[in-house]
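> Quick one: the structure is below, and I'll ask about it shortly.
The values are calculated or read from the model by the stated rules, or taken from the named source; none is laboratory data. Model, not experiment: these values are computed from the prediction. No Cβ is skipped: glycine too gets one built from the backbone with ideal geometry, and neighbour counts run over all protein chains shown. The accessibility values were calculated without ligands, DNA or RNA, using every heavy atom of the protein model including side chains. Shrake-Rupley method; radii C 1.70, N 1.55, O 1.52, S 1.80 Å.
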Amino acid sequence: MTRLHLVRHGPTHAKTMVGWSDLPADLSDHAAIARLHDHLPAQAIVISSDLSRAADTASALQGSRLRLPHHTDLREIRFGTWELRGFKEIEAEDPELAFAYWDNPGDVRPPNGESWNQVRTRVDAVIDDLIAAHAGHDLIIVAHFGVILTQVQRALNLDAQEAFSHRIDNLSVTDITHHGDRWSVGRINHCP
């Protein structure tokens, strides 16, 4: 049994689509970080996306826990030409594509970006490798909204649209356990 504690990075306060852009996290809520640190298993192994908002959040939570190198495949969705643009601007440019991307996620992708299915495939591979390498351990994975939702989708056997219905707040933790032949889900979007 391997337990995954999927933590969303601290807020960026951006009001645009932030995928692979390396915006910093606001880690000034020391009380929330301390509560999250204390909530997470003391002997867990920490890994994060290589983007600074996730890596810096992982550093704030690490304490004396073992830390693995950052992993680029734990990055957020690559939004391509939509990156750092507001939804209204994107929708005005191509309303059909914008609607299809969010309402019917799967193979639809933004120009020069990733589809939901591509993100899911990328993240599933990393998670599978981590579980194989650290079977029986607790893993704290500090990543992004989309990364966490891929694993909620997987563990609950949801379609992508159902997965998108879940809220994942900054500095929240989602607990998923891999039992070898099945998954179980604890709390989703828990803010200690």
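> Please count how many residues of segment 98-107 are of a type in the set (A, V, I, L, M, F, W, C) and open to solvent by less than 40 Å² (accessible area, probe 1.4 Å).
Within segment 98-107, residues that are of a type in the set (A, V, I, L, M, F, W, C) and open to solvent by less than 40 Å² (accessible area, probe 1.4 Å) number 2.
> If you don't mind, there's one more thing I want to ask. Restricting the search to segment 69-88, which residues are open to solvent by 30 Å² or more (accessible area, probe 1.4 Å) and touching a residue at least 24 places away in the same chain (Cβ under 8 Å)?
Those that are open to solvent by 30 Å² or more (accessible area, probe 1.4 Å) and touching a residue at least 24 places away in the same chain (Cβ under 8 Å): 71, 73, 75, 78, 81, 83, 84, 85, 87.
> May I ask you to say which residue of 179, 166, 134 is under 28 Å from residue 33 (Cα atoms) and touching a residue at least 60 places away in the same chain (Cβ under 8 Å)?
Result of the check over 179, 166, 134: 134.
> At pLDDT 95 or above and not small (Gly, Ala, Ser), is that true of residue 128?
yes
> Give the number of residues within segment 109-129 that are over 30 Å from residue 179 (Cβ atoms) and open to solvent by 40 Å² or more (accessible area, probe 1.4 Å).
3
> For segment 40-58, which positions are surrounded by 17 or more Cβ atoms within 10 Å (Cβ to Cβ) and in contact with a helix residue (DSSP H, G or I) (Cβ under 6 Å, 6 or more places away or on another chain)?
Hits for segment 40-58 are 46, 48, 49.
> Also: Could you please find all residues in segment 62-100 being under 26 Å from residue 171 (Cα atoms) and touching a Pro at 6+ places or on another chain (Cβ under 7 Å)?
79, 80, 82
> If you scan segment 27-39, which residues turn out to be surrounded by 13 or more Cβ atoms within 10 Å (Cβ to Cβ) and in contact with a Gly (Cβ under 9 Å, 6 or more places away or on another chain)?
Matches in segment 27-39: 27, 29, 32, 33, 37.
> Same structure, new question: Is there a residue in segment 15-26 that is within 19 Å of residue 151 (Cα to Cα), crowded, with 17+ Cβ neighbours inside 10 Å and either β-branched (Val, Ile, Thr) or touching a strand residue (DSSP E or B) at 6+ places or on another chain (Cβ under 6 Å) (or both)?
no
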